[in-house]
Structure formats: structure tokens, C-alpha cells
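J.: Have a look at the structure that comes next, please.
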Ligand SMILES: [Zn+2]
């Protein structure tokens with residue numbers, strides 16, 4: 001599993017198939033190697049915590065930048081920008097939080113033969 005494959009949102013097993021068709025869908029099966037990304041029902045649920053953690057870190061991390069780099073002293077303006085950063089980053093980060101979860105799980109539980117079998121999955 002290579003980091004560049006994940007950053008390009010490609011299959012972590014073969015590096016060719018695209019993980020996503022739309023923006024908010026969950027990856028189902030690699031069109032190239034046949035790997036079933038959805039290993040069990042609710043598989044991608046942990047991405048919510050990863051996305052939340054990343055969004056909070058980025059939103060809070062924007063505060064010192066706004067205060068000390070851009071010199072913004074208005075609390076209202078700072079909070080408004082932090083909320084805007086959280087919304088924009090949160091939406092952008094959705095697919096990457098799923099990819100991070102996939103990378104964590106595939107590192108702990110490497111792909112096996114039954115990850116390529118249908119087992120009733122579509
Ligand atoms: Zn693949």
C-alpha cells in the first residue's frame with residue numbers, strides 16, 4: 001500500500017481502480033482488481049471520527065494563523081473565518097477520511113482472498 005495511491009484516491013491494492021464515483025459515496029469494489037473495499041456492513045463508519053478530528057484540528061489551527069500572521073484581532077471575524085474553514089475543509093476531507101480509515105484497516109488487516117469474493121456483496 002503506497003501513500004501516493006491513497007492521495008490520488010486509487011485502489012490501495014492495485015493502484016489502478018478509482019475509489020470513488022461521486023463525492024459522498026462509499027467505495028464498493030475496485031473495477032480493476034475486484035477488491036471489495038466495503039469489507040463488512042458499516043465498514044466506513046470510523047471515517048466520521050477521523051473527519052471530525054481532522055476538521056477540528058484544522059479549524060483550531062487556523063486561529064494562530066489568523067491572529068499572528070494576518071493580525072486579525074476581531075473575535076467575530078476570527079470565529080467566522082474558523083467556521084468557514086471548518087465547513088470547507090470538512091467537506092473536502094470526507095473522501096480522504098475514508099481513505100485514511102481504509103489505510104489504517106488494511107495495515108492492521110491486510111487483504112485476504114475473501115476480500116475478492118462476493119459473499120453476497122454487490
Ligand atoms: Zn484494485
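The values are calculated or read from the model by the stated rules, or taken from the named source; none is laboratory data. In this text, all values refer to a predicted model and were calculated from it rather than measured experimentally. Here the Cβ is made from the backbone with ideal geometry for all residues, glycine too, and neighbour counts use every protein chain on show.
Yes/no matrix, rows are residues, columns are (1) in contact with a helix residue (DSSP H, G or I) (Cβ under 6 Å, 6 or more places away or on another chain); (2) within 16 Å of the ligand (Cβ to nearest atom); (3) at pLDDT 95 or above; (4) closer than 20 Å to residue 4 by Cα:
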{"position": "52", "(1), (2), (3), (4)": "no, no, yes, no"}
{"position": "65", "(1), (2), (3), (4)": "no, no, yes, no"}
{"position": "78", "(1), (2), (3), (4)": "yes, no, yes, no"}
{"position": "91", "(1), (2), (3), (4)": "no, no, yes, no"}
{"position": "100", "(1), (2), (3), (4)": "yes, no, no, yes"}
{"position": "103", "(1), (2), (3), (4)": "yes, yes, no, yes"}
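J.: Test residue 71 against the stated conditions and say whether it is at pLDDT 95 or above, exposed (fewer than 13 other Cβ atoms within 10 Å of the Cβ) and out of contact with any helix residue (DSSP H, G or I) (no Cβ under 8 Å at 6 or more places or on another chain). Show your work before the answer.
T.: Details: at pLDDT 95 or above: yes; exposed (fewer than 13 other Cβ atoms within 10 Å of the Cβ): yes; out of contact with any helix residue (DSSP H, G or I) (no Cβ under 8 Å at 6 or more places or on another chain): yes.
Yes.
J.: Restricting to the range 1-16, name every residue that is closer than 18 Å to residue 105 by Cβ and surrounded by fewer than 18 Cβ atoms within 10 Å (Cβ to Cβ).
T.: Of all residues in the range 1-16, those closer than 18 Å to residue 105 by Cβ come to 1-3, 5-7, 9-15.
Of everything in the range 1-16, those that are closer than 18 Å to residue 105 by Cβ and surrounded by fewer than 18 Cβ atoms within 10 Å (Cβ to Cβ) turn out to be 1, 2, 3, 7, 9, 14, 15.
J.: Name every residue in the range 8-37 that is free of Cβ contacts under 8 Å to residues at least 24 places away in the same chain, in contact with a helix residue (DSSP H, G or I) (Cβ under 9 Å, 6 or more places away or on another chain) and not in a loop (DSSP other than H, G, I, E, B), in order of residue number.
T.: Across the range 8-37, the qualifying residue is only 10.
Yes/no per residue for (1) surrounded by fewer than 12 Cβ atoms within 10 Å (Cβ to Cβ); (2) within 24 Å of residue 10 (Cβ to Cβ):
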| residue | (1), (2) |
| --- | --- |
| 52 | no, no |
| 67 | no, no |
| 75 | yes, no |
| 82 | no, no |
| 91 | no, yes |
| 99 | no, yes |
| 118 | yes, yes |
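J.: Looking at (1) touching a strand residue (DSSP E or B) at 6+ places or on another chain (Cβ under 9 Å); (2) more than 9 Å from the ligand (Cβ to nearest atom); (3) closer than 16 Å to residue 100 by Cα, find the lone condition where residue 11 falls short.
T.: If we test residue 11 against (1) touching a strand residue (DSSP E or B) at 6+ places or on another chain (Cβ under 9 Å); (2) more than 9 Å from the ligand (Cβ to nearest atom); (3) closer than 16 Å to residue 100 by Cα, just (2) comes out false.
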